[in-house]
Amino acid sequence: ITSAVAFDILPLKLHPFSQSTPTGLDCVGWKRRISSPVITDGALDKTALTDDVGSEEDLYEDFRSSNHRYGHPGGGGEQLAINELISDGSVVYAEALWDHVTMDDQELGFKAGDVIEVMDATNKEWWWGRILDSEGWFPASFVRLRVNQDEPMEDYPLKVEGGKEDDSSSGTRRFGMGQTTKDQMRTNVINEIISTERDYIKHLKDICEGYIKQCRKRADMFTEEQLKTIFGNIEDIYRCQKKFVKALEKKFNKDHPHLSEVGSCFLEYQTEFQIYSEYCNNHPNACMELSRLTKVNKYVYFFEACRLLQKMIDISLDGFLLTPVQKICKYPLQLAELLKYTNPQHRDFKDVEAALNAMKNVARLINERKRRLENIDKIAQWQSSIEDWEGEDVLVRSSELIYSGELTKISHPQAKSQQRMFFLFDHQLVCCKKDLLRRDILYYKSRINMDDMEILDVEDGKDKDFSISVKNAFKLHCQDTEEVHLFCAKKPEQKQRWLKAFENERSQVQLDQETGFSITEVQKKQAMLNASKHHTGKPKAVTRPYYDFLMRQKHPTLPTTLPQQQVFMLAEPKRKPSNFWQNISRLTPFRK
C-alpha cells in the first residue's frame, strides 16, 4: 500500500467544487479511447477542439457518457485493497495530515501526526477509525496511510515529536540480506519521498501546461488578473520544485536507498519553500473566483476539456489547486518518519533533524496565516450578530480576536459606572451592552482605537482622575487627546489577563507589520457577504449513495456534512486551549 490515498472520484458535476479532495493525486491515467486533439496557439475555438471530437461541450459530454475516467483501473482500486486487507484481518494504520476538530460525538477527533487504526474504508469520503479507546468517523482526505504498515504499533508512538524514536533496539533486527529492519524502513521512507516528489512535479506541470497555458490563449475568457487570482504563484512553485527534485535525485543512492543523504536538500531550500505562504494566502481568492466562473457553463466545459486533453485524473480544478497546500504540510511528517529510522551515527542524521525543524517552521508560518484567514469569517459572523452596529466593519482594521470579557467602565462626568462586554481585536477595542431580558443579545455601544492608547496599571484605592475608590482597575490613556478610560475587573486575575491581552495585541500588530500580513479587500467583502447569508439552523443532511444504508447497519449514522475544505487544510499551530470563541458563542446567536 502506498502512502498517498487515491479515492474513487465521482464524475464532474455542473457544480464542480467537491467538498473533499483526495490526498493522492499521483495516479497514472489510462490510454485515451479517442484521439487527442492538440490545442494550438491562438484562441481555443473550433479549430482547436472540433476537428475530431466537436466542441468543448461535445468533448465533455462524450467522456462523461462513456464513463471514462483517468485514475486507478476500475476506480478506487487502492481503496478496495485497503478494505481487502481489513477483511483479511490485517491492521491498517493511517497518519493524520491535519487536525480534525469536531463537536459531533460520532466523529473521531485528532491532531496532525496522530496514528489512526483504519477499521472501515467502504465510504470514499468518511472512514471509520480508532485511536486508543475512541472510535468514530473521520475524513479520509485528512490522512495518509503509513509507509511502513508492517511495523509493530507498539514501536510507533501516537505522535512523533521531533522525530525521536523511543526504542533504539528496534534497529537491531535483521531484514533480508543482512539489512536491518530499521534500514529497510528508512529505504521505504526515502523511496516514498523520491516517488511523491516526482509525482508532484508531474502534477504541477499538468496544471501549468494543461490549464494555465491554455487559459492564456483565451484572452476572450480570462484576464491576466483573473489567472493570477486563480493560479497564484504556482508557476514559481513549479520552478522551485523542479530544482528541488534535481537536488534530491543527486543525493539519492539507487543501489542502497537507506544510505541516501537528503536532509541537506531540505535545508538548502527551506527559504525558497516560503513561497508557499503566498500561494496559501491566495487560495481562498482562487476558490471564490473559480466558484464565480463555473456558474457559467462555458467555463465548466473549458476546464474539463483542459483536464481531458492533459490526461489528468478526474478531479475538478479546485482539487488540483489544493495539492501544493497539502504538499507543504506533508514534508514535516515525512521528515519525522525519516528521522525515526535514521541511526544517530548515520551521516544524514543531523541534517534530517535540522530539516525537520526547518520545515516545521515553514509549516507553522503558513499555518498561522491560514488560521488568521479563517478567523475573518468568524469575526464577520460575530459582527452580524451584534444589534445596532455603527461605523466601519471590524474587518476594515482587524483580523484577530485577542481577548474578550466583562468589565465595569467608568466614565466622566459624575464617574458613572456601566457593565459592558468588551472585545479586544488587533487595533481596536469594541464595547457592547447586554440585552436586559435576553442576555445572549448584544448591542453595539462604542469602540476605542488601540493604536493611540497606552495601558496604565492602577493601584487599588482612590483614583485622582475620577475621585473614586477603585479595585482591580486599569486605564487606557490617549497621549494626543488626553482622553482617559477607566476599567475595573471583578477579580485580580481577570485584571492580569486583560493587561496581558493588551500586551499581546501590540505584539500581534508589530508581528503583522514585520511579516507583511494583510487581508485583501476581496476577502473582507466576501467574509461579510457570507456572514449576511449565515444560517444558524441545523444543516440539512447531504444526499449520499445507496451504500450509506448498509454502512449504518455496521456503525452509527455517517456524518451529515462533508469534510470542510472551504479554504485549505493545515494542522493548527500548537497553542494553549482558548475559550475566546466559546465566550462569544454563549453571548450571541453566532456559533463557531
- Message: Quick test of your reading of the structure: Arg239 fulfils all but one of (1) in a helix (DSSP H, G or I); (2) touching a helix residue (DSSP H, G or I) at 6+ places or on another chain (Cβ under 7 Å). Name the failing condition by number.
- Response: (2)
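Anything in region 407-426 that is open to solvent by 70 Å² or more (accessible area, probe 1.4 Å) and part of a strand (DSSP E or B)? List them, or say none.
Our first condition is that a residue be open to solvent by 70 Å² or more (accessible area, probe 1.4 Å); within region 407-426, this holds for 412-414, 416-417, 419.
Of everything in region 407-426, those that are open to solvent by 70 Å² or more (accessible area, probe 1.4 Å) and part of a strand (DSSP E or B) turn out to be Lys416, Ser417, Gln419.
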- Query: Residues that are open to solvent by less than 20 Å² (accessible area, probe 1.4 Å), in contact (Cβ under 8 Å) with a residue 12 or more places away in the chain and under 23 Å from Thr520 (Cβ atoms): which helices (runs of 4 or more DSSP H) entirely in region 265-378 hold 1 or more of them?
  - Reply: 275-293, 317-340
- Message: For region 255-264: of the residues being out of contact with any Leu (no Cβ under 9 Å at 6 or more places or on another chain) and outside any helix (DSSP H, G or I), which is most open to solvent (accessible area, probe 1.4 Å)?
- Response: Asp255
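Given the criteria touching a residue at least 40 places away in the same chain (Cβ under 8 Å), surrounded by fewer than 16 Cβ atoms within 10 Å (Cβ to Cβ) and basic (Lys, Arg), does Lys490 qualify? Talk me through it step by step, then tell me what you get.
Numbers: touching a residue at least 40 places away in the same chain (Cβ under 8 Å): yes; surrounded by fewer than 16 Cβ atoms within 10 Å (Cβ to Cβ): yes; basic (Lys, Arg): yes.
Yes.
Per-residue answers, yes or no, for (1) β-branched (Val, Ile, Thr); (2) surrounded by 15 or more Cβ atoms within 10 Å (Cβ to Cβ); (3) within 21 Å of Thr294 (Cβ to Cβ):
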site	(1), (2), (3)
Ile207	yes, yes, yes
Ile212	yes, yes, yes
Phe222	no, yes, yes
Glu225	no, no, yes
Ile230	yes, yes, yes
Phe244	no, yes, no
Phe252	no, yes, no
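Yes or no: Val484 modelled with pLDDT under 90 and β-branched (Val, Ile, Thr)? Can you show your working first?
Numbers: modelled with pLDDT under 90: yes; β-branched (Val, Ile, Thr): yes.
Considered against the rule, which asks whether it is modelled with pLDDT under 90 and β-branched (Val, Ile, Thr), Val484 comes out as yes.
Against the definition (at pLDDT below 95 and within 19 Å of Ile402 (Cα to Cα)), how does Gln479 come out, yes or no? Before the answer, list the steps.
Details: at pLDDT below 95: yes; within 19 Å of Ile402 (Cα to Cα): no.
Judged against the criteria, Gln479 is not a match.
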- Please list, ordered by first then second residue, the pairs with beta carbon atoms under 8 Å, 6 or more apart or interchain, first in region 416-437 and under 14 Å from Phe487 (Cβ atoms), second of a type in the set (Asp, Glu) and open to solvent by 10 Å² or more (accessible area, probe 1.4 Å). Gln419/Glu406; Arg420/Glu406; Met421/Glu406; Phe422/Glu406
- Item | Positions within region 97-113 being modelled with pLDDT of 85 or more and either open to solvent by 10 Å² or more (accessible area, probe 1.4 Å) or under 23 Å from Lys327 (Cβ atoms) (or both), in sequence order | Glu107, Gly109, Phe110
- Considering region 117-127 alone, what residues qualify as being buried (at least 23 other Cβ atoms within 10 Å of the Cβ) and in a strand (DSSP E or B)? Val118, Trp126, Trp127
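Among the candidates Glu224, Glu289, Glu235, which residue alone is at pLDDT 95 or above and among the acidic types (Asp, Glu)?
Details: Glu224 fails: at pLDDT 95 or above; Glu289 fails: at pLDDT 95 or above.
When all the criteria are applied, what remains is Glu235.
The values are calculated or read from the model by the stated rules, or taken from the named source; none is laboratory data. All values reported here derive from a predicted model rather than from experimental measurement. Methodologically, a virtual Cβ is constructed for each residue, glycine included, from the backbone with ideal geometry; neighbour enumeration extends over all protein chains shown. Remember, those area values only see protein heavy atoms, side chains included, never the ligands or the DNA or RNA. Shrake-Rupley method; radii C 1.70, N 1.55, O 1.52, S 1.80 Å.
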